[in-house]
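Data first, discussion second: the structure below is written as structure tokens.
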Amino acid sequence: MKRFPSASEFRPRVWAMGISRLRDLFRDIANEYEGWPIFAWSRGFEEAAAEIAAAPPHQRPDVVVAAGSNGTWLKARIDLPVVLVQPTGFDVMQARARAPRGRPRSARHLWRAPAEVRLRERVGLDVVFASYRPCGAEACVLACAPGVGAVVGRVCDDLAARLGLVPFFVYSRSSVQLAFDNALEVVQATWRETQRRQRLDSVLQHLRDGVVALDANGRVEAINQRLAAVLGVDPAAAAGRSLEDLAPDIAFTLPDADGESLETVRGVSYVVHRGPLVDNGVASGAVLTFQESRAVERLDRTLRSRQRTQQFVARYRLGDLSGTTPGIARVRELAQYARSDATVLIRGESGTGKEMVAQGIHRESPRRDFPFVAINCGAFPEALLESELFGYEEGAFTGARRGGKVGLIEAAHRGTLFLDEIGEMPLPLQSRLVRVLQEREVVRLGATEPTRVDVRVVAATHRALTEQIDSGEFRADLFYRLNILNLAIPPLRERGADIVPLAAELLQQSARREPRVALRIRNQDDAARALAPVGDALARHSWPGNVRELQNVVERMVVELADSDVDVLTPEVLRSIAPEVFELRGGAARGDGHAGRRGVTRCTGHAGRDGRSGRHGTRPGRSAAHLARAQPARGSRRDPRGARSA
């Protein structure tokens, strides 16, 4: 007995079409296939075809098993696979053994023209071949009766017996079982292939791009609904038709070679990609994909916006601040500021590393896994700064992006918003920023509903904010909102012991980017040896541009080292590439240790005798103007060049 199929296994419906003894054999063997829907029918030729055609769809067979002329006839006339029962040589020998004694002539009746088959040597019989149509079987047997001793023919068995002839039944159980097994395997293989094609077709239909597969002659093998809708054709009706017939207006505009091209189809611009279809290593067709250029542009904008989001990260830590002097060591110790969510105001001259400290605070804070969004308030016009900070709704103004835009304050949600050069912010925006700091919500331009935001604000300035308050350039309420935690970064001229080591570190970093220097300056010790002859000159300079100016001078050193074979820099070389290092500004070079401090300390309005500002802003009960007037002018000095780094 054959195995019972599993519940999830596809079970094809088999119809076995036979007459007389073959029908009985079909029924007997079908019982051995327990669980398989195999049905034996006493039908042949036209009757069998009519029975199959009349079957409801849910009862229609998947495969037909038949034998002899009946099977050959059905195979040519129905749209189902037909498996023929093929008798073996052993079956013929068994049929011969059942024949009468002697050497009778045997006639095998075929519906189609007789094949050139030699049976004389195989069975020891003289064989006469004759053909008949289903309705002419009796006439065929009568015509062959004289001199014929046996008949091989399933339809003719009963007729032969009535005429006294010996009927040969050449179909054995093993032959029929083999035919049933083959029928099941054929249909299951066909079903698996159909399932695979349906799955692939489902994938094809779910693609957002238009796709068409062509054979070697340019006929459509498959097309998805997306492209069919563009061409105005039915996907099912398109299969097998030439693309030139379906869409003659675009067939000649498509690329002939593999690759991508920009084409216009029915007035719409598409990026068309053509690739080969390969069977057994041989190109047998092509597949074309149609992607709207507008979709490509939208994808490009999306990727750019995601990349921008990924750029909202902090690169530096507080530990990256170089130096051992008390002022910079104090800055590194203020890690407790990072653990708080309070607003921080960072004060310092341009080039002292205010953003680096802000990034370090973010990296050490609980918000480290969220965006760090920085904006320079002095780098944008008022109107543009407003839209950048607060965002806008679609149609808020002429030229507004479709769909609106998220402002940087919203982009910093759950992270840190760094407002660099806060003293440069226009007064109208200062009032809006006060509300953001107080209510923690932002209203986009053109919107009516506020959006809640959770951001920590870190602001930085090089200006004396208290003086700006007195002159009406900065709002006092914004100042007090920002000046909760206060951090002052000392200028480079007050970090004399850090100048040469910092220059050596910057030299090592710059040397890595210049292959001609990288082999000579591998580490900070090599950099220190290269700078040893000019160390005193570097330490004496006042560095009005602070670390940024020092970095610029170091870059010039690297260029000089790259163009020469020397490993050290002499004072003469330094004087030629950076003469400003040897110029005296104001008082003695770097001798006026308080130069430039006045403007910085007056950012908050009070400073201790040692020049270090207090943490928590102005002292209660004293106005900012009073504190500004109380500050002594201690050798205040401005850069004669009037330049200020961004």
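The values are calculated or read from the model by the stated rules, or taken from the named source; none is laboratory data. Bear in mind the structure is a predicted one, so any value in this text is a computation, not a measurement. We place every Cβ from the backbone using ideal geometry, glycine too, and count neighbours over all the protein chains shown.
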Kindly indicate which of LEU437, LEU384 is more than 17 Å from ALA342 (Cα to Cα) and assigned by TED's automatic domain parsing to the domain that holds ASP477. LEU384
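Rundown of residues vs (1) touching a strand residue (DSSP E or B) at 6+ places or on another chain (Cβ under 7 Å); (2) hydrophobic (A, V, I, L, M, F, W, C); (3) under 12 Å from VAL176 (Cβ atoms); (4) touching a residue at least 24 places away in the same chain (Cβ under 8 Å), yes/no style:
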position: PRO12; (1), (2), (3), (4): yes, no, no, yes
position: ARG21; (1), (2), (3), (4): no, no, yes, yes
position: GLY35; (1), (2), (3), (4): no, no, no, yes
position: ALA54; (1), (2), (3), (4): no, yes, no, no
position: GLN59; (1), (2), (3), (4): no, no, no, yes
position: LYS75; (1), (2), (3), (4): yes, no, no, no
position: ASP79; (1), (2), (3), (4): no, no, no, no
position: GLN86; (1), (2), (3), (4): no, no, yes, yes
position: GLY89; (1), (2), (3), (4): no, no, no, yes
Name the residue that is nearest to LEU482 (Cα to Cα), counting only residues in the range 386-413 that are under 26 Å from the mean Cα position of the chain (by Cα) and charged (D, E, K, R). GLU410
Give me the pairs: first residue in the range 401-423 and under 17 Å from ALA459 (Cα atoms), second residue acidic (Asp, Glu) and in a helix (DSSP H, G or I), beta-carbon distance under 8 Å, and six or more apart or on different chains, which are they? LEU408/GLU388; PHE418/GLU355; ASP420/GLU355
Which condition from (1) closer than 18 Å to PHE479 by Cα; (2) touching a Phe, Trp or Tyr at 6+ places or on another chain (Cβ under 6 Å) is the one that LEU417 breaks? (2)
Residues within the range 448-470 that are surrounded by fewer than 16 Cβ atoms within 10 Å (Cβ to Cβ), in a loop (DSSP other than H, G, I, E, B) and not β-branched (Val, Ile, Thr), tallied: 3
Would you point out which residue out of ASP201, ASP181, ASP215 is at pLDDT 85 or above and touching a strand residue (DSSP E or B) at 6+ places or on another chain (Cβ under 8 Å)? ASP215
Subset tally (residues that are touching a residue at least 40 places away in the same chain (Cβ under 8 Å) and part of a helix (DSSP H, G or I)) for the range 560-582: 5
Is it fair to say VAL373 is surrounded by 16 or more Cβ atoms within 10 Å (Cβ to Cβ), among the hydrophobic types (A, V, I, L, M, F, W, C) and in a helix (DSSP H, G or I)? no
Residue check for GLU394: over 18 Å from ALA459 (Cβ atoms) and either among the basic types (Lys, Arg) or part of a loop (DSSP other than H, G, I, E, B) (or both): yes
If VAL230 passes every condition in (1) closer than 30 Å to ASP79 by Cα; (2) in contact (Cβ under 8 Å) with a residue 24 or more places away in the chain; (3) of a type in the set (A, V, I, L, M) but one, which one does it miss? (1)
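Quick test for you: out of GLN310, GLN359, pick the one residue that is surrounded by fewer than 20 Cβ atoms within 10 Å (Cβ to Cβ), under 20 Å from ARG414 (Cβ atoms) and either within 35 Å of the chain's Cα centre (by Cα) or at pLDDT 90 or above (or both). Reasoning before the result, please.
Values: GLN359 fails: surrounded by fewer than 20 Cβ atoms within 10 Å (Cβ to Cβ).
Unique residue meeting the criteria: GLN310.
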Reported set for the range 18-32 where residues are within 57 Å of the chain's Cα centre (by Cα) and either modelled with pLDDT under 85 or surrounded by fewer than 16 Cβ atoms within 10 Å (Cβ to Cβ) (or both) is ASN31, GLU32
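If we scan the range 275-289, do we find a residue that is under 29 Å from ARG402 (Cβ atoms) and modelled with pLDDT of 85 or more?
yes
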Considering only residues that are assigned to a strand (DSSP E or B) and within 22 Å of the chain's Cα centre (by Cα), look in the range 278-298 and name the one that is farthest from ARG219 (Cα to Cα). GLU292
Any chance the range 502-514 includes a residue that's closer than 30 Å to SER564 by Cβ and touching a Gly at 6+ places or on another chain (Cβ under 7 Å)? yes
Check every one of the helices (runs of 4 or more DSSP H) wholly within the range 207-256 and list those with 3 or more residues that are surrounded by fewer than 14 Cβ atoms within 10 Å (Cβ to Cβ). 248-251
Just to be sure, is GLU393 assigned by TED's automatic domain parsing to the domain that holds THR352, exposed (fewer than 14 other Cβ atoms within 10 Å of the Cβ) and either over 30 Å from THR352 (Cβ atoms) or in contact (Cβ under 8 Å) with a residue 60 or more places away in the chain (or both)? no
